[in-house]
Structure formats: structure tokens, C-alpha cells
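J.: Here it is, the structure in full.
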Amino acid sequence: MARALPKSPLRALWATQYRALARLLGRERDGYDLALLLQLSEDAVFSVDPRTGQVLDANSSAVELTGHTLAELRQLSLSDLFAQTVPPSLLTQLTPGTSRAFRNVSLRTRTERGPVRVDVRLTLVTAEGPALIIARDLTASRRLEQALARVDEQLTTLAALMALAAGPALTPEDDLKRALHLIATICGADAVALYHDGGQRAEDGRHSVAALPLRAAVGLASMLPPTCELQQEAPAVGSGSNLPSPIFPSPAWLEALSALGWASWQVLPLASGLLFIGRRSPGADVASTALLAAIGTALEALLGRMAREALQAERAARADDLAALNQTLLDAVNDGVLVLDQQGVIRACNRIAARVLGYEPPELIGQASGDVLVARQNLAEAIQAALAGTPSGTRLEVTLLSRDAHEVPAMLGTAPLRGPGRGALILIQDLSDRRALEDQHRDLDRLAFLGEMSAIFAHEIRNPLAAISAGVQYIAGKLPANDPLQESIALILAESRRLNQLLADILTVARASEPRLAPCPLHEVLDDVLARRAGEMDRLGIQVVRNYAPDLPPCLGDRPKLEQVFTNLIANAIQAMSNGGTLSITLKRASETTLQVEVADTGPGIPEAVQKRIFDPFFTTRRTGTGLGLTIARRIVGQHNGSLSLRSWEGVGTIFTVTLPAAER
């Protein structure tokens with residue numbers, strides 16, 4: 001009956017040898033020599049008498065394993081070799097072609113090792129022939145298995161070291177620590193340390209330091225010197241290589257290692273440092289030269305990659321710093337700046353240019369200049385000339401169209417860039433404030449003229465109007481109270497009073513008196529004006545929302561004049577919400593030195609065309625209005641060194657914003 005093969009590779013080899021031996025023994029008539037087969041086996045093979053257990057013959061492996069000569073072995077029996085572990089009586093129980101196995105039994109020897117542990121197989125090949133005892137030294141096989149496993153572990157770990165050198169896994173320092181741990185595993189070391197100079201070199205290729213600092217270490221790092229003193233050797237002359245000379249530790253440093261308790265160590269010179277591999281045990285195995293060479297190659301590759309990555313990171317940091325500096329300089333310029341490449345694509349800009357064009361700065365980067373730099377005039381010719389390298393000594397006054405189609409008056413200049421990459425520089429000066437100032441000056445001149453003429457006109461009209469009013473009152477006094485003419489007389493007197501108030505407003509605009517400035521709590525002014533109009537707002541269904549910031553200082557102003565301003569603004573808001581709505585009054589800080597009041601309504605809003613003229617004298621959209629209320633309000637606020645502006649959205653509402661100086665506490 002066929003026997004199953006053992007699972008162990010070594011036992012499989014043993015079974016193969018046994019089967020070959022059995023086959024050959026069965027064919028001795030064909031000329032095969034049993035003695036030769038016994039000698040070829042690496043296992044100890046004994047030929048014994050199956051009846052007595054006496055050793056008849058043995059191979060050289062059996063002689064070496066037991067320490068006996070062949071003659072001495074022939075004087076021994078099975079019980080002399082294996083005591084009672086393998087009883088001789090078993091041989092008589094075997095039938096031809098069968099075998100018995102004993103594992104991990106003790107074999108007596110005359111060597112210094114003493115008894116050794118072996119696996120034993122007893123086999124009876126033929127009924128007439130001797131029995132065979134095959135003994136395998138477990139110590140040797142286990143050492144072989146351990147050696148093979150150790151080599152496999154070293155190769156696997158070395159492959160991991162090579163992979164780590166090929167690409168980053170963690171941070172550079174973590175990669176280095178990981179590499180040292182792998183080297184310690186490969187070499188079976190108690191400590192692995194890298195002494196490294198960072199690649200510093202003198203002009204002749206020698207290392208520019210006399211001692212290497214400890215860069216990184218794993219294991220018993222506390223037992224390592226913090227530096228490694230060197231002895232230097234000049235590069236070989238005529239070697240045809242520009243590689244730097246290797247590093248060699250000084251004898252004093254090596255003596256220090258012994259003093260620190262290291263029993264054995266290996267030092268691997270590197271291009272810019274050295275690797276220390278230390279062991280505390282005196283009998284520890286050392287790494288082979290080939291293994292050290294492979295470790296050195298992988299570690300040099302890792303250090304080279306780390307150096308390249310550090311250089312790239314340094315260059316990237318410098319580029320970021322330079323870009324930040326350039327952006328700071330761009331943002332410090334008072335005009336808008338666009339930097340174009342040779343294709344006219346925006347590569348840099350400052351905040352002013354982005355604001356003028358209606359974008360955020362990051363949105364402009366990468367866009368074609370023609371897509372965002374839109375004007376009523378043709379700009380393509382000037383930009384193309386700058387991109388072609390033609391300097392322009394003139395600046396163009398243009399009307400730019402922002403992202404939301406808002407017109408922005410601007411002065412535009414172009415200039416070619418010099419150096420690698422070239423391109424063009426576009427300067428944009430926003431003229432909006434200048435135009436607004438010019439318009440304001442024109443308005444002031446016009447208002448001054450109107451004021452002067454209005455004062456003359458009002459003065460000349462007021463006296464006749466007073467006489468007319470007095471005469472009509474006299475006539476009314478002479479007529480009976482139920483006279484039909486009394487109604488017409490009352491209408492004449494009402495219109496006279498309205499005309500007289502209009503003349504008074506005109507004189508207020510024309511001859512505005514200087515305000516008497518004093519600390520004035522704005523919340524009190526606003527509450528007083530709202531209280532006077534509370535009944536009217538209740539009747540119209542208008543809800544009042546007060547948003548007053550706490551702990552605000554008073555403003556510096558003339559209280560009666562400020563009441564006139566807010567009375568006008570709140571009255572306008574009420575008139576805009578004849579069918580009800582919400583009146584929001586917000587009081588807050590605009591800056592450290594100014595306060596801000598917002599009067600917001602939920603009325604129908606003011607058309608854009610009306611907004612442009614709403615502060616003009618005598619401009620009104622109401623049938624009974626004079627068109628001087630907002631003019632007077634703006635004049636008063638201006639006298640307080642403040643500002644009055646509005647924002648309005650049709651169908652949403654209107655916000656008037658008043659900014660006034662805060663009084664010093």
C-alpha cells in the first residue's frame with residue numbers, strides 16, 4: 001500500500017531518498033551498489049540485523065554524526081544508539097516494504113555536542129535483507145530552515161527598504177526613521193544610526209566638517225556618541241570620477257564605542273555620512289559585504305530623494321514668498337494693475353483692478369484679458385502693441401464696463417514686460433472719485449449761483465407777497481363771515497403762506513448759517529422725531545423697528561438742524577409707504593470716529609434716473625413738494641463734516657445713510 005508523502009519539504013526529500021533506495025535495493029541484480037547509495041545520503045543511514053538489532057554497516061554521515069568509527073559502530077546495537085526510544089523488537093514486527101517513524105528522539109554520540117535530537121525511520125526492504133535506519137539531524141535541518149527563513153526575511157525587508165527609497169510614504173524624517181528600523185531588522189542590530197553632514201563639501205571634494213552630527217537613530221540611541229569624529233583621505237588621483245571621497249571614522253571614535261558597551265559593530269561609509277550598525281551580543285552575526293552594499297545603495301537613494309524634495313520644498317517656499325511679495329507690492333499700488341502673459345491671459349492682479357472690473361482677485365487669474373477688460377472704446381490695439389513689445393507713452397481715457405455692466409470712467413495705460421516669458425502690464429486708474437468731485441464742484445458752483453439768484457428773487461418777492469397777504473386779510477375783515485368770497489379769500493391766504501414758506505426754504509439754502517456744534521445723543525434726536533410722527537404712522541399701518549447699537553458716544557452736531565434732517569428723511573419714508581410697511585432706523589458705528597444712521601423703508605423704491613437728481617434743488621416727484629427738503633438735508637449734513645447718500649431697489653425699498661462725526665469722550 002502506498003504511503004502518503006509528508007508535508008515538510010525536508011521530510012519529503014527524505015521520503016524520496018528512501019523510495020529511491022528501496023527501488024535500487026530491489027534491483028541489486030542489475031548491478032547497483034548498496035554501499036555507494038548509503039554513502040551518497042546526507043542523512044545518517046545504519047544497516048542493522050532485523051533479528052538482533054546489531055549494526056551491520058553505516059555511511060559516512062552516520063560516522064560524522066555519532067563520532068564513532070565504522071568499526072565501532074559495527075560493535076553497537078540499536079539499543080546502544082537510541083536507548084529504549086527505538087526498541088529492537090520493532091524490527092521483527094516489520095514486514096517487507098513497511099516502515100515505522102519516530103520523531104525527535106535522542107541519539108547517543110561521542111562528539112562534544114553529546115546526545116543529538118533526530119527523526120528516525122525504520123524500514124525493512126526485503127525479508128532476507130537487513131533493515132535500514134535513517135536518522136536526520138534535527139539541529140542541522142532546523143538551522144537550515146532558520147537560515148532560509150532569515151534570508152527570506154532579509155530579502156523581504158530589503159525590498160521594503162528599496163521601495164521606501166523609491167517614493168515618499170510619510171514625512172522625510174519619518175521615512176528616514178522607518179528606513180533605519182528596516183536596516184536594524186535586516187542586520188539583527190540593537191541600534192542603527194546615521195551620522196550625516198547634510199552634503200556640505202569643500203572645493204576639493206573633501207567633507208567640510210571634522211565631525212558628523214547624529215542625524216537619526218533607532219534602538220539603543222542613548223548609547224551612541226552625539227558626533228562622529230572623522231579621519232579624511234584625499235580623493236584618488238586619476239580615477240576619472242568626480243565622486244566625493246568616502247568618510248572614515250577616527251580611531252578615537254571607534255574606541256569610544258567599545259567604552260560605551262558595544263560588543264561588535266559595522267560602519268558603512270556613505271557619500272555624505274556614515275551608517276553605524278551596532279550589536280550588544282559578542283557572538284551576533286554580522287551582515288555580509290553584499291548585504292551592506294545593497295543597504296548602502298538603498299539608503300543613498302533615500303537620502304538623495306530627501307535632498308531633492310528638500311530643495312524642491314525650499315524652491316517652492318521661495319517662489320511662494322516671492323509671489324506674496326509681488327502681490328503685496330501690487331496691492332500697495334494706488335492704481336489697478338493687470339499682469340498679462342504673451343497670450344494676453346491674466347497671471348496676476350491687485351485688488352483695485354479686481355474691484356474696478358467687478359471681480360474678486362482669484363476670479364481674474366487665468367482669464368483672457370479681452371473677456372474681462374471691456375470698454376466702450378477699442379482696447380485691443382493698445383494691448384496687442386504692449387504684448388508685441390512696443391512701449392506706449394500715452395494713456396487712454398476710457399469708459400470700462402464692470403461685470404455688472406456698471407460704467408467706470410478710467411485712465412488706462414499699457415507697458416510691455418521685459419525678461420523671460422515677457423507679456424504686458426496694464427494700469428487702470430479709476431476716475432470715478434475724480435468725476436464725482438468734479439460733478440460736486442459743478443453742483444456747488446450751480447448751487448452758489450442759484451443761491452445768490454434765489455436770495456435776490458426771494459427778497460424781491462417777499463415784500464409784495466406780504467403786501468398782498470395783508471390786503472387780502474383786510475378785505476376778508478370787511479366782508480361778512482358768510483360772504484361767498486370768504487372761501488376764495490381763504491384759498492388765496494393759504495397759497496400765500498405756502499409761497500412764503502417756499503421763499504423761506506430758498507433763503508435757508510442760499511444763506512445757510514453755521515451750525516452750533518455740541519455733543520448730541522443721536523438716539524434721543526431720532527426718538528423725538530419718531531414720537532412726533534407716531535400718530536400718522538399708526539394710521540397708515542407702518543411698523544417702526546429700532547436697531548440702536550449699545551454704548552455709542554454722542555455725535556458732534558447742532559441738534560435743531562439734525563432734527564430737521566431726520567424729520568425730512570422720515571417724512572419721505574412715511575410718504576413712500578402710504579399703504580403701510582416697515583420703517584427701520586439703525587444707529588451704529590461707521591468707524592472709530594464716525595457714527596452712521598440708516599433710515600430704511602419698504603416702499604416702492606426710487607428709479608435709477610430719479611436717484612441721480614434727487615438731491616438737486618427744486619427737483620421733486622410729488623405734486624405738492626418743493627424739491628428742497630433733501631437739498632437742505634444734504635447741506636446741513638455737509639456742514640457737520642458728514643455725508644448723506646442713498647441706495648434704492650425698485651419694488652424693494654430705499655435706504656438713506658447719514659454719517660456724522662462722533663464727539664470725543
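The values are calculated or read from the model by the stated rules, or taken from the named source; none is laboratory data. All figures in this text were calculated on a predicted structure; none of them were measured in a lab. Glycine also receives a Cβ, built like all others from the backbone with ideal geometry; neighbour counts cover every protein chain displayed. The protein model used for the area step is the full one, side chains on, heavy atoms only, and it has no ligands, DNA or RNA in it. Shrake-Rupley method; radii C 1.70, N 1.55, O 1.52, S 1.80 Å.
J.: Counting only residues 5 or more places away or on other chains, whose amide H sits under 5 Å from the amide H of Leu628 once H atoms are built in the peptide plane?
T.: Residues meeting the criterion, in which the H sits 1.01 Å from N, are Phe618.
J.: List the residues, sorted by chain then number, that are 5 or more residues from Cys555 or on another chain and whose placed amide H is less than 5 Å from its amide H.
T.: Counting only residues 5 or more places away or on other chains, the set is Cys520, Leu522, Ala663.
J.: Taking only the C-alpha atoms, wrap a convex hull around region 263-315 and report its volume per residue in Å³ as a whole number.
T.: Values: hull volume 4.1 nm³, N = 53.
Measuring per residue, one finds 78 Å³ for the Cα hull of region 263-315.
J.: Cα-Cα pairs above 21 Å in region 293-433: how many percent?
T.: Across region 293-433, Cα pairs with separations above 21 Å total 50 percent.
J.: At 0.36 nm per residue, minus the direct Cα-Cα distance, what do Thr95 and Ala571 gain on full extension? Give it in nm, one decimal, please. Before the final figure, lay out the partial values.
T.: Numbers: separation 476, 0.36 × 476 = 171.36 nm, distance 12.83 nm.
Roughly 158.5 nm would be gained on extension.
J.: Another question about this same structure. Of Tyr195, Tyr359, which has the most accessible area with a 1.4 Å probe, and how do the rest follow in descending order? Before the final figure, lay out each step's value.
T.: Working: Tyr195 0, Tyr359 40 Å².
Per-residue accessible area, sorted high to low, gives Tyr359, Tyr195.
J.: How large is ³J(HN,Hα) for each residue in region 566-576, as worked out from phi by the Karplus curve 6.51 cos²θ - 1.76 cosθ + 1.60 (θ = phi - 60°), to whole Hz, x for Gly and Pro?
T.: Computed from phi, the couplings for region 566-576 are 6, 4, 5, 5, 5, 4, 4, 5, 5, 5, 6 Hz.
J.: When only the heavy atoms of the protein chains count and the probe is 1.4 Å, how do Met577, Met162 rank by accessible area, highest first? Working shown, then result.
T.: Details: Met577 5, Met162 80 Å².
Per-residue accessible area, sorted high to low, gives Met162, Met577.
J.: Quick check: residue separation of Glu64 and Glu363 times 0.36 nm, minus the Cα distance between them. What number comes out in nm? Could the numbers behind the result be given before it?
T.: On the way: separation 299, 0.36 × 299 = 107.64 nm, distance 8.70 nm.
My answer for the length gained is 98.9 nm.
J.: Can you work out the FRET efficiency for the pair Ser250 and Arg435, with r the C-beta to C-beta distance and R0 = 56 Å, to the nearest 0.05? Walk me through the numbers on the way to the answer.
T.: Numbers: r = 80 Å, r/R0 = 1.43.
It comes out at approximately 0.10.
J.: State the dimensionless ratio Rg/Rh of region 111-195 (Rg: radius of gyration of Cα atoms; Rh: Kirkwood radius).
T.: Values: Rg = 23.1 Å, Rh = 17.1 Å.
Here the Rg-to-Rh quotient is 1.35.
J.: May I ask you to compute the full-extension gain from Arg498 to Trp649, defined as 0.36 nm times their residue separation minus their alpha-carbon distance, rounded to one decimal in nm? Please report the intermediate quantities before stating the final value.
T.: Details: separation 151, 0.36 × 151 = 54.36 nm, distance 3.26 nm.
Result for the pair: 51.1 nm of gain on full extension.
J.: What order, most packed first, do the peptides 564-576, 641-653 have when packing is the mean number of other Cβ atoms within 10 Å of each residue?
T.: Numbers: 564-576: 20.2, 641-653: 15.3.
Listed from highest to lowest mean packing, they are 564-576, 641-653.
J.: A follow-up question, please. If the convex hull of the alpha-carbon atoms of region 511-665 is projected onto planes in all directions, what is the mean projected area in square nanometres? The partial results should precede the final answer.
T.: Details: hull surface 36.5 nm².
Taking the Cα atoms of region 511-665, their convex hull projects to 9.1 nm² on average.
J.: What is the spin-label model distance, in nm, from Leu396 to Arg347 if the labels are put 7 Å beyond Cα along the C-beta direction?
T.: 2.2
J.: Go ahead and run the numbers for FRET between Thr593 and Leu485, Cβ-Cβ distance against an R0 of 51 Å, rounding to 0.05. List each step's numbers first, then the result.
T.: Details: r = 61 Å, r/R0 = 1.20.
It comes to 0.25.
J.: I would also like to ask the following. Which aspartates and glutamates, if any, have their Cα less than 13 Å from the Cα of Lys561, not counting same-chain residues under 8 positions apart?
T.: Within the straight-line cut-off, Lys561 pairs with Glu514.
J.: What residues qualify as long-range amide H neighbours of Gly423, i.e. H under 5 Å apart, gap of 5 or more or another chain, H built at 1.01 Å from N?
T.: Close amide H contacts, sequence-distant or interchain: Leu417.
J.: Considering the zone a paramagnetic label at Ala83 would reach in this model (a point 7 Å from Cα along the Cα-to-Cβ line), which residues of region 117-146 have amide N under 15 Å from it?
T.: 117-118
J.: With each pseudo-label sitting 7 Å past Cα toward Cβ, what's the Glu314-Arg51 distance in nm, one decimal?
T.: The two pseudo-label positions are separated by 9.2 nm.
J.: Quote the FRET efficiency, to the nearest 0.05, computed for Ala290 versus Ala263 with a Förster distance R0 of 30 Å and r equal to the Cβ-Cβ distance. Write down the numbers at each step before the final one.
T.: Working: r = 23 Å, r/R0 = 0.78.
Step by step, r from the Cβ atoms, then E = 0.80.
J.: Setting aside same-chain residues fewer than 8 positions from Lys478, which aspartates and glutamates have a Cα under 15 Å from its Cα?
T.: Here the aspartates and glutamates satisfying the reach criterion relative to Lys478 are Glu487.
J.: Also, quick follow-up: Which whole-Hz ³J(HN,Hα) couplings does region 117-122 yield from phi under the Karplus relation 6.51 cos²θ - 1.76 cosθ + 1.60, θ = phi - 60°, glycine and proline marked x?
T.: 8, 9, 9, 10, 10, 9
J.: If you don't mind, there's one more thing I want to ask. State to the nearest 20 debye the size of the charge dipole of region 301-436 about its Cα centre, where the only charges are +1 on K and R beta carbons and -1 on D and E beta carbons.
T.: Details: 14 positive and 16 negative charges, 74 e Å.
Taking the Cα centre of region 301-436 as origin, the dipole is about 360 debye.
J.: Per-residue HN-Hα couplings for region 386-391, Karplus 6.51 cos²θ - 1.76 cosθ + 1.60 at θ = phi - 60°, whole Hz, x for Gly and Pro?
T.: The phi angles translate into 5, 5, 7, x, 8, x Hz.
J.: Follow-up question, since we're still on this one. Separation between the Glu42 and Ala216 pseudo-spin-labels, each 7 Å from Cα along Cα→Cβ, expressed in nm?
T.: Each label point lies 7 Å from its Cα, and together they span 4.0 nm.
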